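Here the structure comes first, spelled out in structure tokens, and everything after it is commentary.
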Amino acid sequence: MNTAEDKLKERVKELTCLYEVTSIIVNSDYDQLDASLEAIAYCLKRAWQFENVTEVFLKTKEYQVQTDDFIPDMVTLVSKIKVFNKIEGEVLVGYPSGTYTKQDFLIEEQTLLNNVALAIGNLMERKQIRDSEAITRRQMERTDRLHILGEITAGIAHELNTPLANILGFAELLSEKITDKETVRDLEKIMDSAIFSREIVKKLMFFACEMPQEMKTVKLIPIVISVIKLLEPSLRSKHLKLTKAFDNENIELRADTVQLTQVLFNLIMNAIYYSPEGGTITVHVLETESHISIEISDEGKGIPNELEDKVFEPFFTTKPIGEGSGLGLSVVHGIITSHKGKIEHKSNIPKGTIFTVDFPKL
């Protein structure tokens, strides 16, 4: 690299690389960033002084790409990739170590590498912002949908209460007057169905936050332990292991004891149902400055992406017909909402689901 012409050629290569990298980033598909990052890696390869032996390695938290012949023990220039001022990856450009040394790199090449790493960091920031906005938008849509469903459900529940009470009342009156055993059995079936329907209405009212509450300060851990003990036969029948962890044995919150028990029962029972034989269920209660969290995780198949926004809707279930009404999680959602809390779910690693319930602290 002695002549002015050689230096000019290198500057042109560097400027061309920057232009190509900018074009790649502008036209990037956020859902297929690995292809864009691979294209950037090959742009860098072409920009270096000895491009025939140059290799590139690029790594972030989510992605890893490299040119064909990159090996770890090369002589390299490195630049860190920062996303919102946190180091979340790096770009390495290298030469074969047996033939080249650090002195074979140009000062301008380090500057180019730093500029490209900065551009990649900006791309990752925009992706995170877009993903965050998409998550927020989905959460708002789900909240709106559940709110509308809650209003509709409350109306339906109120409308059904009176006719169900009439069916049950008149059936009881008839059963007192009739002596024919077969007719009495038929009336008992009518009454059983009416009682069952009334329980469904009660669950709908839980979802719609229409049930009266007896709010008081309660100790959380004893309630969690009593629910676990209640479910021990179900755990044993599937040979499941339940591990529990409590940050503080004396955690208190303001809640309706019966409804809080119902929330824990439904969530742990759900974990039992979807857990494979011999699996592990974890119940973790933790406390922060602002809230109390209950995490219940299982090792089942998990929730498919296309069903993630439906799990709290009334009458939605993935259980076979006859094994679930589809009201368990919707009731849980209604109770938690009425306690000014929130419930979320995410994938467990390597498999399964984690439900997280957050309650405000006293």
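Among the criteria (1) closer than 19 Å to Ile336 by Cβ; (2) modelled with pLDDT of 90 or more, the one Val263 does not fulfil is (2).
Residues in region 289-311 that are part of a loop (DSSP other than H, G, I, E, B) and in contact with a strand residue (DSSP E or B) (Cβ under 9 Å, 6 or more places away or on another chain): Ser290, Asp298, Glu299, Gly300, Lys301, Gly302, Ile303, Glu308, Val311. Restricting attention to region 290-309, the residues that are under 21 Å from Val224 (Cα atoms) and surrounded by fewer than 11 Cβ atoms within 10 Å (Cβ to Cβ) total 1.
Just so you know, in region 4-34 the residues that are of a type in the set (S, T, N, Q) and in contact with a helix residue (DSSP H, G or I) (Cβ under 9 Å, 6 or more places away or on another chain) include one that is nearest to Asp104 (Cα to Cα), and it is Thr16.
Here Ala157 meets each of (1) over 30 Å from Leu33 (Cα atoms); (2) among the aliphatic types (A, V, I, L, M); (3) modelled with pLDDT of 80 or more with one exception, condition (3). Looking only at residues in region 22-63 that are part of a loop (DSSP other than H, G, I, E, B), of a type outside the set (A, V, I, L, M, F, W, C) and surrounded by 14 or more Cβ atoms within 10 Å (Cβ to Cβ), the one that is nearest to the chain's Cα centre (by Cα) is Tyr63. For region 64-117: of the residues being of a type in the set (Gly, Ala, Ser) and exposed (fewer than 14 other Cβ atoms within 10 Å of the Cβ), which is farthest from Tyr19 (Cα to Cα)? Among those residues, the one meeting the criterion is Gly98.
Of the residues making up region 233-260, those that are over 24 Å from the mean Cα position of the chain (by Cα), open to solvent by 30 Å² or more (accessible area, probe 1.4 Å) and either under 21 Å from Ile354 (Cα atoms) or not small (Gly, Ala, Ser) (or both) number 12.
Within region 194-208, is there a residue that is farther than 21 Å from Leu329 by Cα and at pLDDT below 90? Yes, region 194-208 contains a residue that is farther than 21 Å from Leu329 by Cα and at pLDDT below 90.
The values are calculated or read from the model by the stated rules, or taken from the named source; none is laboratory data. All values reported here derive from a predicted model rather than from experimental measurement. Using ideal geometry, Cβ is built from the backbone for each residue, glycine included, and neighbour counts are taken over all protein chains shown. Accessible surface is based on the protein model in full, side chains and every heavy atom, while ligands, DNA and RNA are left aside. Shrake-Rupley method; radii C 1.70, N 1.55, O 1.52, S 1.80 Å.
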